[in-house]
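Inspection log for the structure reproduced underneath, given as structure tokens.
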Amino acid sequence: LPRDLPWLVCAVPRPGYIWSDGPGSTTHGTSNPDDVNGPIVFMGPGIRAGRHADTVSTVDIAPTLAKLLGVKVGEKVDGRVIKGALR
């Protein structure tokens, strides 16, 4: 690590740990599977029914919706079309 890095401590929370400001609240940002894994759901015409085990990211939502709606993406985007979700 660079000497001028302002961090004093770097830690990895135990599995199942909930980063919270108090009872009844949570935040995101740990490396636990509960924070980094979650479903992305598409429903409607042009969507293939079923569960797909593809690894995707939130940046894949916009290119997928653009493809579904026939909208040409005018610039380079980080995501990709989730082809398995489309008919």
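Data overview
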| item | result |
| --- | --- |
| Selection from the stretch 33-49 of residues that are loosely packed, with under 13 Cβ neighbours inside 10 Å and under 19 Å from the mean Cα position of the chain (by Cα) | PRO33, VAL36, ASN37, GLY38, PRO39, VAL41, MET43 |
| Positions within the stretch 51-64 being open to solvent by less than 70 Å² (accessible area, probe 1.4 Å) and not β-branched (Val, Ile, Thr), in sequence order | SER57, ASP60, ALA62, PRO63 |
| Filtered residue count, the stretch 50-59, keeping only those that are within 8 Å of the chain's Cα centre (by Cα) and farther than 24 Å from ILE18 by Cα | 1 |
| Search result, residues across the stretch 1-18 that are among the small types (Gly, Ala, Ser) and closer than 9 Å to ASN32 by Cβ | GLY16 |
| Residue in the stretch 69-82 that is open to solvent by less than 50 Å² (accessible area, probe 1.4 Å), under 30 Å from CYS10 (Cβ atoms) and without any contact (Cβ under 8 Å) to a residue 24 or more places away in the chain present | yes |
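Per-residue answers, yes or no, for (1) modelled with pLDDT of 90 or more; (2) in contact with a helix residue (DSSP H, G or I) (Cβ under 6 Å, 6 or more places away or on another chain):
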position	(1), (2)
THR55	no, no
ILE61	yes, no
GLY70	yes, no
VAL73	no, yes
LYS76	yes, no
ARG80	yes, yes
ALA85	yes, no
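The values are calculated or read from the model by the stated rules, or taken from the named source; none is laboratory data. Here the structure is a predicted model, which means the values were calculated and not measured. Counting neighbours? That spans all protein chains shown, and the Cβs are built from the backbone with ideal geometry, glycine included. Just so you know, the surface numbers come from the protein's heavy atoms only, side chains and all, with ligands and any DNA or RNA stripped out. Shrake-Rupley method; radii C 1.70, N 1.55, O 1.52, S 1.80 Å.
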